[in-house]
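Peer 1: What follows is a single structure, and I will ask about it in a moment.
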């Protein structure tokens, strides 16, 4: 029998950035996340984290000049499982 020991706490960090310029529309998507997971059992855990997601589109066209920014950010509470 092989015993696997998992850390009781683990820190998680993740980030994604995507940028594109298509037909005069300059766009950017940013997704950042960080958190801590506590494994209260061998296969199950609970955690708390923070997530920030932003989408920005800018353009300078003859009939329209502007910027749109949409996003959200906030605390996350989650359960996780590993098998």
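Peer 1: Find how much the distance from residue 28 to residue 73 grows on full extension, using 0.36 nm per residue of separation minus their present alpha carbon separation; answer in nm with one decimal.
Peer 2: Stretched out fully, the residue 28 to residue 73 stretch lengthens by 14.6 nm.
Peer 1: Relative contact order for the chain: what is it in percent, counting Cα pairs under 8 Å that are at least 6 residues apart?
Peer 2: Values: 170 pairs, mean separation 21.1, N = 83.
So the answer I get is 25 percent.
Peer 1: What is the distance, in nm, between label points placed 7 Å from the Cα along the Cα-to-Cβ direction at residue 12 and at residue 62?
Peer 2: It works out to 5.0 nm between the two label points.
Peer 1: Using a Gaussian network model of the chain with C-alpha springs under 10 Å, which one of 12, 68, 29 is most mobile by mean-square fluctuation?
Peer 2: Largest GNM mean-square fluctuation: 68.
Peer 1: Right, something else. Using only alpha-carbon positions, what ratio does the radius of gyration of the chain give when scaled by 2.2 N^0.38 Å?
Peer 2: 1.67
Each reported figure results from applying straightforward, stated rules to the coordinates on display, with no laboratory input. If you're wondering where the values come from, they're calculated on a predicted model, not measured in any experiment. Don't worry about glycine lacking a Cβ; one is built from the backbone with ideal geometry, like all the others, and counts go over all protein chains shown.
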